[in-house]
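For reference, the structure is listed below as structure tokens.
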Amino acid sequence: MGSRRARLRATLVLTAVVAATLAGGLLALTTFRQDRDLDAGTVRVSVVPGAPSGLALYVPLVDWGVRFDAVRLPAQLRVDVRRIDRAALGRVAEQRQLDVRALRAQARDAIAGYLRALVIVVFAAALLAGALVALALRSGDGPRLRWSLGCAVATALSAAGAVALLLPPRGALEDPEYFAHGSDIPAALRAVEAVGRSERALSEELDAQLVGLARLVVAPGRIAPTRDAPRLTLASDVHNNVLVLPALRRIAHGGPLFVAGDLTDRGSPLEASATRSIARAGDPLVFVSGNHDSAVLQRDLARAGAIVLTRRGRLLPDGRHGPRVVRVGRLRVAGYDDPFLRRPGQASAPDPQPSAAQQAAFDDWLRSLGGDLDVVLVHEPALAAVALERLAADPPPRPLAFLVGHTHVPSLQTTRNVLVLNGGTAGGGGTGNLAESQPIGLAVLSYETDPTFDPLAADLIEIDPANGDATATRRRLDLDDEATLGDAALDGP
């Protein structure tokens with residue numbers, strides 16, 4: 001009996017020593033930070049356990065940052081810009097008279113120096129906490145002190161080793177995720193726009209990330225994007241959530257806004273009246289119906305000045321149909337109204353699935369348009385499945401973008417010269433699903449039209465409806481000037 005009690009006490013003591021050692025290491029990991037001076041100013045390096053893992057560069061002055069998935073520990077290695085040398089950065093903004101390679105080396109040295117110190121601090125704090133508990137719990141019938149102290153040493157070494165192996169950033173800094181706080185995300189989107197078209201320009205932008213962030217503070221009005229490319233905004237599945245309409249207007253920022261269906265929830269005339277103001281959210285608004293929309297809504301939007309697309313052509317205010325392919329700026333666009341569109345007196349079908357005949361009809365419609373097309377707007381991705389399979393087997397000679405919705409899941413898929421972009425749900429699931437707190441999803445597609453349509457990048461944007469925090473994730477489509485779209489094939493997040 002006494003032997004069993006002694007073993008139980010020993011187990012409890014050693015468990016307490018291990019727990020205290022890990023707690024001490026975690027406390028050090030959370031609280032230890034260092035300020036480092038660079039030519040461009042001062043940065044603070046720290047670790048945020050439990051935050052989205054990666055290397056994050058953040059500017060508190062503009063509440064804006066960029067994150068790279070380069071850390072294997074479930075923690076975020078954070079580099080905050082604390083002080084800016086305006087004289088040095090003024091020269092950079094005007095003439096870039098700063099050795100960017102040297103600045104990058106300084107940033108690497110700052111992070112490396114912090115990590116070396118952090119490993120020592122984590123080991124020391126963990127060992128101290130474990131040793132204090134071992135000393136406090138020593139007794140005649142417990143484990144020998146050398147065993148409990150040895151347990152503390154082994155655990156502290158393991159904690160420090162995990163930090164040393166898993167926290168340093170690994171690999172190339174690619175696919176940046178821009179983030180901002182608050183209800184608006186213009187800073188994040190401006191940063192996304194500032195990335196150049198070629199692989200070399202992208203590399204230079206990443207190398208100069210700290211400089212670029214500081215330049216945003218020094219002279220934001222004078223910072224020209226590396227490439228002045230047009231863009232379109234994609235939204236879908238608003239589901240009568242009229243609260244998001246002002247946000248759509250701000251994000252579209254005077255450019256074209258494409259709505260891939262389900263603007264309303266039940267397709268009623270009352271909903272159509274409430275959401276009609278979306279016609280002024282884009283310049284222009286381009287709309288195609290979803291299974292929750294109605295013919296009444298289509299007519300109301302057409303009369304309000306929106307470009308309403310159907311398989312028969314653009315719906316005109318008088319109810320007739322115009323051309324099947326319309327010009328939106330320099331884009332050639334066609335749209336296919338949802339086969340489950342509600343007609344007067346007709347109830348909406350619960351989660352309708354397109355039939356094989358409907359998929360074949362869509363493919364026939366697309367074939368009939370020929371190759372004189374840049375963008376296809378359609379609500380249900382599954383409706384285009386047969387057409388997409390055909391295009392994957394026989395790629396079109398020029399890029400073709402499908403803008404879709406319905407799934408409420410943001411995604412980006414490409415095959416050679418074919419892109420399928422889904423922004424998620426712009427209405428956060430709609431007013432009937434506010435309790436779910438589903439993220440508000442949008443997408444922005446940047447492109448060229450000279451000499452022909454050429455997608456450059458897709459930005460998948462999510463806004464947390466609970467606190468307004470937003471992220472903008474960029475997916476490059478042109479990392480190599482000689483590569484076709486399919487060479488940069490990506491899956492959605």
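From the list Asp293, Asp300, the one residue that fits, being surrounded by 15 or more Cβ atoms within 10 Å (Cβ to Cβ) and either out of contact with any Phe, Trp or Tyr (no Cβ under 9 Å at 6 or more places or on another chain) or not assigned by TED's automatic domain parsing to the domain that holds Leu421 (or both), is Asp300. Considered as a group, the residues in the stretch 286-313 that are among the charged types (D, E, K, R) and in contact with a helix residue (DSSP H, G or I) (Cβ under 8 Å, 6 or more places away or on another chain) include one that is modelled with the highest pLDDT, and that residue is Arg311.
Leu388 falls short of the stated requirement of being farther than 28 Å from Val296 by Cα, at pLDDT 95 or above and in contact with a strand residue (DSSP E or B) (Cβ under 6 Å, 6 or more places away or on another chain). Counting only strands (runs of 3 or more DSSP E) that fall entirely inside the stretch 227-336 and contain at least 1 residues that are more than 26 Å from the chain's Cα centre (by Cα), the qualifying elements are 307-310, 313-315, 326-328, 331-336. None of Ala426, Ala458 is modelled with pLDDT of 55 or more and part of a loop (DSSP other than H, G, I, E, B) except Ala426. Do any residues in the stretch 313-326 that are free of Cβ contacts under 8 Å to residues at least 24 places away in the same chain have Cβ atoms under 9 Å from those of residues that are of a type in the set (Asp, Glu) and part of a loop (DSSP other than H, G, I, E, B), where the two are at least six apart or on different chains, and which pairs are they? As it stands, the answer is Leu315/Asp337, since those pairs meet every condition given. Just wondering, is there one or more residues in the stretch 396-404 that are within 26 Å of Thr425 (Cα to Cα) and surrounded by fewer than 16 Cβ atoms within 10 Å (Cβ to Cβ)? Checking the stretch 396-404: not a single residue is within 26 Å of Thr425 (Cα to Cα) and surrounded by fewer than 16 Cβ atoms within 10 Å (Cβ to Cβ).
Checked against the criterion of being surrounded by fewer than 16 Cβ atoms within 10 Å (Cβ to Cβ) and not in a helix (DSSP H, G or I), the stretch 15-32 contains not a single residue that satisfies it.
Selection over the stretch 309-325 of residues that are more than 15 Å from Leu400 (Cα to Cα) and in contact with a Leu (Cβ under 8 Å, 6 or more places away or on another chain) gives a count of 5.
Listed here are the strands (runs of 3 or more DSSP E) enclosed by the stretch 36-129 that have at least 3 residues being within 28 Å of Leu165 (Cβ to Cβ), hydrophobic (A, V, I, L, M, F, W, C) and at pLDDT below 90: 54-59. A Cβ distance below 7 Å, combined with a sequence gap of six or more or placement on separate chains, defines the contacts here; from the stretch 113-136, residues that are closer than 17 Å to Val18 by Cβ reach residues that are among the β-branched types (Val, Ile, Thr) and surrounded by fewer than 21 Cβ atoms within 10 Å (Cβ to Cβ) in the pairs Leu127/Val153.
The values are calculated or read from the model by the stated rules, or taken from the named source; none is laboratory data. Keep in mind it's a predicted model, so treat the numbers as computed, not measured. With ideal geometry, Cβ positions are generated from the backbone for all residues, glycine too; neighbour counts draw on all protein chains shown.
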